[in-house]
Amino acid sequence: MTASIATNQTILVVGGGIAGMTAALEAAECGKQVILAEKTPTLGGRTSLLYRYFPKMCHPTCGLEINLKRIRGNPNVRVMTMTEVAAVSGTRGDYTVTLKIKPRFVNENCTACGDCGKAVNAEIPNPANYGLDKVKAAYLPHGMAYPQRYVIDPSIVGTPDGEAAKAACKVNAVDLGMQEETVELKVGSVVWATGWRPYDAAKIQPYGYDRIPNVITSLEFERLADVRGPTGGKLLRPSDGKEAKNIAFIQCAGSRDENHLRHCSRICCMASLKQTQYVREACGDEGKSTVYYIDIRAIDRFEDFYANVYKDPTVSFVKSKVARIALNEENGNPILHGVNTEGYQRYATEHDLVVLAVGMEPEVTGVKLPDDLVLDSSNFIEGSKSGGMFGAGSAASPLDVNRAVQSATAASLKAIQVIHKTASTEASA
Amino acid sequence: MTTANQNAAAKYKNNFLKEVEANVEDGHMVKMCMQCGVCAGSCPLGPHWEHSPQKIFMMIRAGKREEVLQSDSMWMCTSCYNCIVRCPRKLPITHIMHGLANYAHRLGLAPQGQPTRDIAKLFWNNIIKTGRVNELTFSLAMYFKDGFGQGIKNAMAMQGVGLGLMKAKRLNPLEILGGHSCKDKSGIHKMIAKAREIEDRRKGLA
């Protein structure tokens with residue numbers, strides 16, 4: 001079924017986050033055939049797991065809804081979820097790609113009524129909240145999920161829970177016999193919009209992410225602030241559920257560090273400045289945010305945002321990379337140790353909660369990619385030697401949402417050029 | 001030594017960073033410091049220093065020659081390597097601190113009576129005599145470095161350990177007569193003299 005639409009006029013976009021959706025749509029709206037392959041059960045990627053965007057502080061649901069509407073209305077885009085690229089062979093204009101599709105155990109009949117979820121007892125860590133809470137093992141990835149279709153976790157297939165989900169479904173959508181499928185397609189160009197993942201904070205040993213409960217990552221903090229998150233939008237700290245009011249943000253947690261990520265992840269300064277405003281939103285004047293930084297890199301037009309946050313009396317700045325975090329055993333507070341570069345005073349400051357502004361690591365780090373792809377020293381995708389494959393969004397460079405969209409549009413145009421070249425070569429032959 | 005000191009200063013005028021780059025082990029890495037402060041916060045002896053490594057590096061770049069070379073900071077380093085492990089720019093901080101200590105010592109600017117420096121001098125003078133460390137004379141020299149009375153007190157306090165070592169044949173009392181040396185003692189002396197000559201020529205110390 002999928003094989004019939006694919007020719008070497010088709011563009012494959014790998015990754016269905018904001019960049020992948022954009023790249024696919026820009027090409028599709030130019031009349032190109034596009035396959036949008038996404039590894040997880042839903043489009044939207046990490047953007048859909050943010051509470052608000054900077055600098056306008058609007059919710060990602062807005063931008064995603066517009067893109068999802070465009071996808072729904074465009075027959076040129078074929079969305080394949082739970083799909084990974086297993087192999088790419090061939091050359092510019094004439095690639096053969098092998099895609100692996102994992103079983104969802106739920107077919108197109110699903111109406112997202114939720115009866116299977118109610119029938120199932122088993123729970124799994126909630127991927128939409130970075131595992132901070134649990135969901136039933138038959139679940140809708142999140143409210144904005146596309147396709148709006150439930151997923152059954154493989155762990156309950158073959159168990160009474162799996163059968164219960166099947167029995168509860170009134171529209172015969174649960175298919176526990178689904179198997180992993182492999183399909184081969186011909187495509188002319190590939191856009192890699194594989195995105196990023198947070199750097200593993202546990203590797204930053206002195207910060208104790210793995211042993212101090214009240215040290216969390218900036219992405220987990222996004223979920224705490226979000227009304228759809230595990231705490232319903234309250235900034236409750238993990239150790240005792242107490243409301244966190246005095247919150248520290250540690251910049252360059254993993255970035256600009258030869259021992260971790262060499263590059264500046266570029267988004268984290270703005271992300272922390274944004275998150276200080278979540279604290280203000282939640283606690284008003286009683287909230288207290290402290291940003292520990294090496295340099296604040298609010299790039300180009302974001303300087304205004306920084307200037308406004310700087311004026312906020314609930315926010316203070318300490319020019320220092322925190323050396324280590326200790327735990328106050330009595331109250332669970334993390335204690336930050338370091339030396340302030342402005343005056344060289346030694347400090348040991350207690351906070352209710354510490355948010356590590358973790359760096360962006362390309363999602364493809366450690367993944368075997370086609371030999372033709374060129375990566376930079378931090379594993380960001382520069383493109384292919386023959387010029388038929390392109391990196392887009394945060395797979396290509398550490399970018400925020402806005403710049404990821406720009407990068408994806410550019411990559412899409414390059415892919416269209418490859419398709420046009422192929423088509424004209426064929427026409428003249 | 002004073003002439004050497006003046007010569008060294010004149011050569012570089014106000015550019016102390018260049019002087020450090022030329023004469024201090026791994027001194028060329030000082031300019032790579034981005035002043036994040038992780039070394040200062042990670043040092044177990046941090047609160048007991050006059051200047052943290054981060055501050056020392058900034059002082060070098062600011063041309064504060066006397067303050068840096070007279071500082072006791074680099075003598076307080078215990079070589080735990082915490083700073084090197086954590087430095088996001090991979091500066092060999094421990095090595096630079098030892099390099100600075102050595103350079104300050106050679107110029108005669110290092111603080112007088114600084115205990116680490118005293119011990120280092122005793123150790124060096126002890127080991128170059130025979131090519132081997134004479135543990136007995138080295139320990140005694142340490143005990144008596146602050147005067148005869150204090151030396152007796154120190155020796156009395158440590159006599160249990162000394163007797164234990166003797167019983168276990170880890171300490172030979174006859175070593176007090178000069179002790180055993182390495183096979184080619186004069187060869188060692190020549191090597192050290194040559195190394196010193198090369199270093200002096202390179203650093204303009206003479």
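With no solvent and one equal point scatterer placed on each C-alpha of the range B:115-197, evaluate the Debye formula and give log10 I(q)/I(0) for q = 0.18, 0.21, 0.22 Å⁻¹, two decimals.
Result of the Debye calculation: -0.86, -1.05, -1.10.
Averaged over its residues, how many other protein chain Cβ atoms are within 10 Å of peptide A:349-358's Cβ atoms?
0
Nearest 0.05, what FRET efficiency do A:Glu342 and A:Lys234 give at R0 = 22 Å with Cβ-Cβ as r?
That pair, A:Glu342 with A:Lys234, gives E of 0.05.
With the cut-off at 19 Å, tell me which of the pairs B:Lys31/B:Lys55; A:Lys39/A:Lys414; A:Lys56/A:Lys234; A:Lys319/B:Lys55; B:Lys11/B:Lys121 have Cα atoms farther apart than that.
Those over the limit are A:Lys39/A:Lys414; A:Lys56/A:Lys234; B:Lys11/B:Lys121.
With a 10 Å Cβ neighbour count serving as the proxy for reagent exposure, in which order, fewest first, do A:Leu356, A:Leu185, A:Leu373 appear?
Starting with the residue having the fewest Cβ neighbours, the order is A:Leu373, A:Leu185, A:Leu356.
Excluding residues on the same chain fewer than 8 positions from A:Lys118, give the lysines whose Cα lies under 24 Å from its Cα.
A:Lys102, A:Lys134, A:Lys136, A:Lys166, A:Lys170
Using the basic label-point model (7 angstrom from Cα toward the beta carbon), what is the B:Ala62 to A:Leu375 distance in nanometres?
Label-label distance for B:Ala62 and A:Leu375, simple model: 4.3 nm.
Radius of gyration and Dmax for the range B:1-149's Cα atoms, expressed in Å?
16.5, 49
Before anything else, pin down the relative contact order of chain A: Cα pairs under 8 Å, at least 6 apart, normalised by residue count, whole percent.
Relative contact order, chain A: 19 percent.
Take the Cα gyration tensor of the range B:29-78, multiply each eigenvalue by 5, square-root it, and list the three semi-axes largest first, rounded to whole angstrom.
16, 15, 8
Quick one: order A:Ile101, A:Ile250, B:Ile60 by neighbouring beta-carbon count within 10 Å, fewest to most.
By the 10 Å Cβ count, ascending, the order reads A:Ile101, B:Ile60, A:Ile250.
Report relative contact order for the range B:74-124 in percent, whole number only (criteria: Cα-Cα under 8 Å, sequence separation at least 6).
Worked out over the range B:74-124, it gives 39 percent.
How large is the Rg to Rh ratio of the range A:161-242 when both quantities use alpha carbon positions and Rh follows Kirkwood?
Across the range A:161-242, the Cα-based Rg/Rh ratio is 1.17.
In bins 5 Å wide, starting from 0, what share of all Cα pairs of the range A:36-152 does each bin hold, as a percent?
Cα pair-distance distribution for the range A:36-152, in percent: 2, 10, 16, 19, 19, 15, 9, 6, 2, 0.
List the lysines whose Cα sits under 17 Å from the Cα of A:Lys186, skipping any in the same chain fewer than 8 residues away.
A:Lys186 reaches A:Lys32, A:Lys100, A:Lys421.
For A:Gly332, enumerate residues with amide H under 5 Å from its amide H, sequence gap 5+ or separate chain, H modeled in the peptide plane.
Amide H neighbours of A:Gly332, under 5 Å, 5+ apart: none.
When DSSP beta bridges are limited to those with both residues in the protein assembly as shown, what percentage is antiparallel, rounded to the nearest 5?
55
Return the Rg/Rh ratio of the range A:290-365 with Cα-based radii and a Kirkwood Rh.
Taking Rh as the inverse mean 1/r over Cα pairs, Rg/Rh reads 1.03.
By the scheme Lys and Arg +1, Asp and Glu -1, what is the net charge of all other residues having a beta-carbon under 14 Å from that of B:Leu100?
-1
Of all DSSP beta bridges in the range A:199-360, what percent run antiparallel (nearest 5)?
40
Using every pair of alpha-carbon atoms in the range A:206-287, split the distances into 5 Å bins beginning at 0 and state the percent of pairs per bin, rounded to integers.
It works out to 3, 14, 23, 24, 19, 10, 6, 1, in whole percents.
Sort A:Tyr292, A:Tyr209 so the one with the fewest other Cβ atoms within 10 Å of its own Cβ comes first.
Result, fewest neighbours first: A:Tyr209, A:Tyr292.
Set the Förster radius R0 to 45 Å, insert the Cβ-Cβ distance between A:Gln406 and B:Thr78 as r into 1/(1 + (r/R0)^6), and round the FRET efficiency to 0.05.
After rounding to 0.05, the efficiency reads 0.30.
Take the Cα gyration tensor of the range A:199-360, multiply each eigenvalue by 5, square-root it, and list the three semi-axes largest first, rounded to whole angstrom.
Computed over the range A:199-360, the values are 21, 19, 16 Å.
Post the alpha-carbon centroid distance, the range A:38-111 to the range A:187-244, in whole angstrom.
22
When Cβ neighbours within 10 Å are restricted to other protein chains, what is their mean count per residue of peptide B:28-39?
5
Over the range A:115-168, consider all pairs of different Cα atoms and compute the Kirkwood hydrodynamic radius from their mean reciprocal separation; express it in Å, one decimal.
Averaging 1/r across every pair of different Cα atoms and inverting gives 11.2 Å.
How large are Rg and Dmax for the protein assembly as shown when calculated on the C-alpha trace, in angstrom?
Rg and Dmax of the protein assembly as shown, Cα atoms, are 32.5, 104 Å.
For the range A:296-429, just list the percent of Cα-Cα distances falling in each 10 Å bin from zero outward, please.
That works out to 9, 23, 24, 21, 13, 6, 3, 1, in percent per bin.
Taking K and R as +1 and D and E as -1, what net charge do the other residues with C-beta under 9 Å from the C-beta of A:Asn340 add up to?
Around A:Asn340, the surrounding residues sum to +1.
For B:Lys203, give me every one of the aspartates and glutamates with a C-alpha distance below 13 angstrom, ignoring sequence neighbours fewer than eight places off in its own chain.
Those aspartates and glutamates meeting the cut-off are B:Glu19, B:Glu21, B:Glu25.
Given the options A:Val106, A:Ala86, A:Pro398, identify the residue whose Cα lies farthest towards the positive end of the charge dipole of chain A (+1 on Cβ of Lys, Arg; -1 on Cβ of Asp, Glu).
Farthest towards the positive pole: A:Pro398.
Can you give the charge dipole size of the range B:158-206 about its Cα centre, rounded to the nearest 20 debye, using +1 on the beta carbon of Lys and Arg and -1 on the beta carbon of Asp and Glu?
Here the range B:158-206 has a charge dipole of around 140 debye.
Based on the mean of other Cβ atoms within 10 Å per residue, sort peptides A:58-65, B:94-101, B:31-38 so the most packed one is first.
With the highest mean Cβ count within 10 Å placed first, the list reads B:94-101, B:31-38, A:58-65.
Looking at A:Gln179, A:Asn8, A:Ala253, which one has the Cα that reaches farthest to the positive end of the dipole of the protein assembly as shown (charges on Cβ: Lys, Arg +1; Asp, Glu -1)?
It is A:Ala253.
Taking amide hydrogens as modeled 1.01 Å from N in the peptide plane, which residues meet the under 5 Å criterion relative to A:Trp196, leaving out close sequence neighbours?
Amide H neighbours of A:Trp196: A:Glu363.
For A:Lys170 and A:Lys118, calculate 0.36 nm times their separation in residues minus their Cα-Cα distance, and state this gained length in nm to one decimal.
Here the segment from A:Lys170 to A:Lys118 would lengthen by 17.4 nm.
For n ≥ 4 DSSP H runs only, could you compute -39500 (n - 2.57) per run for the protein assembly as shown, divide by its residues and tell me the 222 nm figure to the nearest 500?
It comes out at -10500 deg cm²/dmol, rounded to the nearest 500.
Could you let me know the centre-to-centre spacing of the range A:290-335 and the range B:154-206, using Cα atoms, in angstrom?
The two parts, judged by their Cα centres, are 52 Å apart.
Every read-out reported here was derived from the displayed coordinates using simple, explicitly stated rules and does not represent laboratory data. Remember, predicted model here, so these are calculated numbers, not experimental data. Because the Cβ atoms are built from the backbone with ideal geometry, glycine has one as well, and the counts that use them run over all protein chains shown.
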